[in-house]
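One structure below.
The values are calculated or read from the model by the stated rules, or taken from the named source; none is laboratory data. Keep in mind that what you see is a predicted model, and the values were worked out from it rather than measured. Glycine also receives a Cβ, built like all others from the backbone with ideal geometry; neighbour counts cover every protein chain displayed.
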Amino acid sequence: MSKFIDEVIIQLKAGDGGPGAISFRHEKFAEFGGPDGGDGGKGGDLYLISDLAVQTLDKYIPLKIYKSNNGVHGGARNSSGANGEDLYLKVPVGTQVIDESSDEIIHDFTKENESYCVVKGGRGGKGNAFFKSSTHQTPRFAQPGEEGEIRKVRLSLKLLADVGIVGLPNAGKSTLLSKITHAHPKIAGYAFTTLIPNLGVVTREDERRYTIADIPGIIEGASKGHGLGLSFLKHIERVKGIIYLFDGASVDIEDEYKMLQTELKSYNKALLKKPSIIVLNKIDVWNDDKFTKELVKRYSKLGEVIPISAQEEINLDKLLNSIDELLIKKVNVKPKKPRAKKKK
């Protein structure tokens with residue numbers, strides 16, 4: 001299984017242009033052979049291209065130089081050299097390309113199959129035929145090819161999810177994700193089981209699909225680097241809505257909610273403006289409808305509250321309906337129209 005790597009620094013080098021040729025015609029019936037050196041080929045460009053099948057940057061070796069091909073030398077008889085082959089490197093959707101020297105974001109991959117030329121190949125050199133003139137009949141020189149561009153970049157992945165699930169360790173985020181999507185995150189009964197963000201896809205009856213990300217457990221001080229939160233808080237920046245997930249048996253849900261909001265605000269205050277749902281998990285532990293209703297009433301001042309049991313799959317349809325409302329009504333994500341049935 002691939003290791004989840006969401007940031008790496010690499011060097012990209014475009015191909016050098018091929019040098020022009022120095023050549024003269026040597027034909028049996030030509031008393032004076034003129035210059036016929038062809039131009040060199042252009043160096044290959046280097047592109048990054050986004051691919052949904054790629055979910056991590058683990059295949060890139062830090063500081064390795066990834067290089068496209070050089071252009072080919074020009075030849076005799078005015079033959080131009082072939083252009084160097086372009087190189088395409090695949091990255092996950094959501095990858096930002098940052099110039100390491102200026103810290104400038106030079107491209108942000110937000111769609112699938114999006115390509116971006118990071119470095120351009122050098123031009124091929126002109127052969128000596130190019131320099132022939134009425135005053136210079138036999139030029140004995142040609143141009144060298146230009147060097148291809150080289151650039152050190154930082155690839156930084158920020159997951160592109162519609163909804164992010166945040167909560168303390170052991171709130172049940174991974175279990176919930178596995179029950180409502182096709183994701184298969186690692187699940188166990190101890191803190192910080194989730195060491196990487198997990199992404200799953202929800203498919204609804206009207207064929208609408210949206211993605212949900214399980215963000216590793218956030219603890220107090222996460223925005224300052226405590227625990228695991230700082231490494232993964234960036235993966236919630238792009239979401240359209242947030243699910244705050246709590247262990248319903250906790251006695252301090254209101255304090256936990258305030259702490260989570262404080263950490264999100266400290267990282268990026270815009271996160272608090274995103275529409276959200278409060279979910280109380282593990283209601284199967286007490287199996288008492290009356291007590292569940294009391295909890296919902298108690299915390300309703302914080303926002304919309306949905307009681308569920310992810311493990312026992314209780315109220316998951318209700319939660320998904322609320323997520324539908326969150327996405328469609330509050331952030332204007334229109335559902336796809338059902339396909340028309342073919343007439344027989």
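Quick look at the values:
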read-out: Within the range 248-280, considering residues that are under 30 Å from the mean Cα position of the chain (by Cα) and not in a helix (DSSP H, G or I), the one surrounded by the fewest Cβ atoms within 10 Å (Cβ to Cβ); value: N268
read-out: Tally, over the range 271-287, of residues that are within 26 Å of H235 (Cα to Cα) and in contact (Cβ under 8 Å) with a residue 12 or more places away in the chain; value: 10
read-out: Which numbered condition D51 misses (of (1) in contact with a Lys or Arg (Cβ under 8 Å, 6 or more places away or on another chain); (2) of a type in the set (D, E); (3) on the phi > 0 side of the Ramachandran plot); value: (3)
read-out: Residue within the range 119-136 that is within 18 Å of L46 (Cβ to Cβ), part of a loop (DSSP other than H, G, I, E, B), under 21 Å from the mean Cα position of the chain (by Cα) and modelled with pLDDT of 95 or more present; value: no
read-out: Condition met for L326 (at pLDDT below 95 and either assigned to a helix (DSSP H, G or I) or closer than 23 Å to L177 by Cα (or both)); value: yes
read-out: Positions within the range 54-66 being part of a strand (DSSP E or B) and either in contact with a Phe, Trp or Tyr (Cβ under 6 Å, 6 or more places away or on another chain) or within 22 Å of E114 (Cβ to Cβ) (or both), in sequence order; value: Y66
read-out: Of all residues making up the range 79-107, the number that are under 30 Å from G127 (Cα atoms) and either at pLDDT below 95 or in contact with a His (Cβ under 7 Å, 6 or more places away or on another chain) (or both); value: 1
read-out: Complete set of residues in the range 137-157 that are closer than 25 Å to I61 by Cβ and either among the hydrophobic types (A, V, I, L, M, F, W, C) or assigned to a loop (DSSP other than H, G, I, E, B) (or both); value: E147, G148, E149, I150, V153, L155, L157
read-out: Qualifying residue in the range 70-88 (condition: among the acidic types (D, E), surrounded by 15 or more Cβ atoms within 10 Å (Cβ to Cβ) and part of a loop (DSSP other than H, G, I, E, B)); value: yes
read-out: Matching residues in the range 6-33 - criterion: being surrounded by 15 or more Cβ atoms within 10 Å (Cβ to Cβ) and either at pLDDT below 85 or farther than 30 Å from V93 by Cβ (or both); value: D16, G17, G18, P19, G20, A21, I22, S23, F24
read-out: So I98, is it surrounded by fewer than 16 Cβ atoms within 10 Å (Cβ to Cβ) and assigned by TED's automatic domain parsing to the domain that holds V8; value: no
read-out: The lone exception for E313 - which of (1) within 36 Å of the chain's Cα centre (by Cα); (2) farther than 23 Å from V202 by Cβ it fails; value: (2)
read-out: Condition met for T292 (over 19 Å from L168 (Cα atoms), surrounded by 15 or more Cβ atoms within 10 Å (Cβ to Cβ) and either among the charged types (D, E, K, R) or assigned by TED's automatic domain parsing to the domain that holds H235 (or both)); value: yes
